[in-house]
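Here is the structure we will look at, set down as structure tokens.
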Amino acid sequence: MNADELPTLRDELEAHGLWANKGLGQHFLLDLNITRRIAKTAGDLAGKQVIEVGPGPGGLTRALLESGAHVTAIEKDTRFLPLLEPLIAWSEGRLTIVQGDALQVDQAALVSGASAAIISNLPYNVGTPLLVNWLKAGAWRGDMTLMFQKEVAQRIVAKPGSDAYGRLAVLAQARCECRLEFTVPARAFTPPPKIASAIVTLRDRADPYPHLDALERVTAAAFGQRRKMLRSALRALTPDAEALLNEARLEPTARAEEIDQAGFRALADAWRARQI
Ligand code: SAM
């Protein structure tokens, strides 16, 4: 099966009189070389279930189907359904299209049996909330290969001590090994966005931290005032912030960006212990 036998994406968009709707974060990848590279980065997809959010005209969808995946694609914009429909027959039934808002759709219900990989060129306006939902998801959610704006990608993989290090890095790395795989220049998209994008892989780590809600609470307070010492910043969480820090064995004078994954786990555990 070779996607080159299909009409080009540009011709399809033109034939259907479609254009990008910026309000829906639509920046299309019409070059199959790039979408094939994304599919390849996700590993061997033959026979695997994949959830794709925002197939749009279907450039990445074509590459995923070509790799042998069973794809469930969730698209909010109904205009693209006629472009995606022919891919169902072409893939011999390995494509299911769900029309709706990926933030509202019950994605767990779309997965049967084993877990599904999540592979998407995400709309920039809902990329972060989708990622946080997936981080919290159960065993139905497999490894993720996701395209974000480059700056968001850098925040996901950031390490302590860097400006990009914050809540997103702590939450993502609590569940996954996160890697920035490659960047894609703005000019590769139609229409080009203002800034470059990057592909990040997030593979489940062997020792995931289970209490993401607690981690969200402590990181919100800690990074809410990232320039302040934790003993001040954490007052947003509790009046006796210094005692909480002692319970977590963290220096009250440290700042949020100096605290590593283990430190934030200890802080979330100490905070949880007080709620019980
Ligand atoms: N996958 C296509 C590609 O790579 O060319 C399109 C990617 S474009 C960046 C984002 C896509 O997500 C658009 O097709 C847009 O309509 C869709 N979208 C935006 N918000 C959505 C939402 N909340 N749920 C599902 N799809 C959404």
ask   = Are there trypsin sites (Lys or Arg not before Pro) in the stretch 139-219 that DSSP puts in a loop and that have at most 10 other Cβ atoms within 10 Å, and which ones?
value = Lys194
note = Computed over the chain, the relative contact order (Cα-Cα under 8 Å, seq sep at least six) in percent reads 14
ask   = Hey, what angle do you get for helix 261-275 against the long axis of the chain, alpha-carbon based, 0 to 90 degrees rounded to 10?
value = 70
task = Search the structure for amide H atoms under 5 Å from the amide H of Ile118, placed 1.01 Å from N in the peptide plane, and list their residues when 5 or more places away or on another chain.
result = Ile51, Gly142, Asp143, Met144, Thr145
note = If unit charges are put on Cβ atoms (+1 for Lys and Arg, -1 for Asp and Glu) and the dipole of the chain is taken about its Cα centre, the option from Pro252, Val126, Leu95 lying farthest towards the positive end turns out to be Pro252
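Determine the dipole magnitude for the stretch 212-275: charges of +1 sit on the beta-carbon of Lys and Arg, -1 on that of Asp and Glu, nothing else is charged, the reference point is the Cα centre, and the result goes in debye to the nearest 20. All intermediate terms of the calculation are to be shown ahead of the outcome.
Numbers: 11 positive and 10 negative charges, 39 e Å.
Roughly 180 debye, rounded to the nearest 20.
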remark   = Sorted largest first, the Cα spans of the stretch 1-86 on the principal axes come out in Å as 34, 25, 21
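Note down the magnitude of the dipole of the chain about its Cα centre, charges +1 on Lys and Arg C-beta and -1 on Asp and Glu C-beta and zero elsewhere, to the nearest 20 debye. Each step should come with its number before you reach the end.
On the way: 33 positive and 32 negative charges, 192 e Å.
The dipole magnitude comes to about 920 debye.
So between Ala46 and Ser112, what do we pick up on full extension, going 0.36 nm a residue minus the alpha carbon distance?
Numbers: separation 66, 0.36 × 66 = 23.76 nm, distance 1.62 nm.
Separation in residues times 0.36 nm, less the Cα-Cα distance, equals 22.1 nm.
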message = Under 5 Å between amide hydrogens, which residues at least 5 positions from Cys176 or on another chain qualify, with H placed 1.01 Å from N in the peptide plane?
response = Arg205
ask   = With all pairs of different alpha carbon atoms counted, what Kirkwood hydrodynamic radius in Å does the chain show?
value = 19.9
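Given R₀ = 30 Å, FRET efficiency for Asp213-Gln99 by Cβ-Cβ distance, to 0.05? Intermediate results must be reported in sequence, preceding the final value.
Values: r = 31 Å, r/R0 = 1.03.
Result of the calculation: an efficiency of 0.45.
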remark   = Expected unfolding gain across Asp260-Asp31 under the 0.36 nm per residue rule, minus the alpha-carbon gap, is 78.5 nm
key: Cut-off under 5 Å, modelled amide H: who pairs with Phe28 long-range   = Thr190
ask   = Can you give me the Cα centroid spacing of the stretch 95-130 and the stretch 37-86 in angstrom?
value = 11
query = Separation of the stretch 174-202 and the stretch 222-243 by C-alpha centroid, Å?
reply = 33
ask   = With point charges of +1 on the Cβ of Lys and Arg and -1 on the Cβ of Asp and Glu, referenced to the Cα centre of the stretch 51-188, which listed residue (Ala174, Leu64, Gly142) lies farthest in the positive direction of the dipole?
value = Ala174
query = If one takes the longest principal axis of the Cα atoms in the chain, at what angle in degrees, from 0 to 90 and to the nearest 10, does the Cα axis of helix 32-41 lie?
reply = 40
request  = Report the calculated FRET efficiency for Ala139 and Trp19 (r = Cβ-Cβ distance, R0 = 41 Å), to the nearest 0.05.
outcome  = 0.55
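Taking 8 Å as the Cα distance limit and 6 or more residues as the minimum spacing, I'd like the relative contact order of the stretch 212-275 as a percentage.
On the way: 76 pairs, mean separation 24.4, N = 64.
Relative contact order for the stretch 212-275 comes out at 38 percent.
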key: Share antiparallel - DSSP beta bridges, the chain, percent rounded to 5   = 50
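Would you mind giving the three semi-axes, in whole Å and largest first, of the ellipsoid equivalent to the stretch 216-262 according to its Cα gyration tensor?
Details: eigenvalues 33, 30, 20 Å².
They are 13, 12, 10 Å, listed from largest to smallest.
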inquiry  = How much length would be gained if the chain were fully extended between Glu85 and Arg205, taking 0.36 nm per residue of separation minus their Cα-Cα distance, in nm to one decimal?
reply    = 39.6 nm
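Every read-out reported here was derived from the displayed coordinates using simple, explicitly stated rules and does not represent laboratory data. For clarity, every value in this text was computed on a predicted model and none was experimentally measured. When we count neighbours, we look across all protein chains shown, and the Cβ atoms used for this are built from the backbone with ideal geometry, even at glycine.
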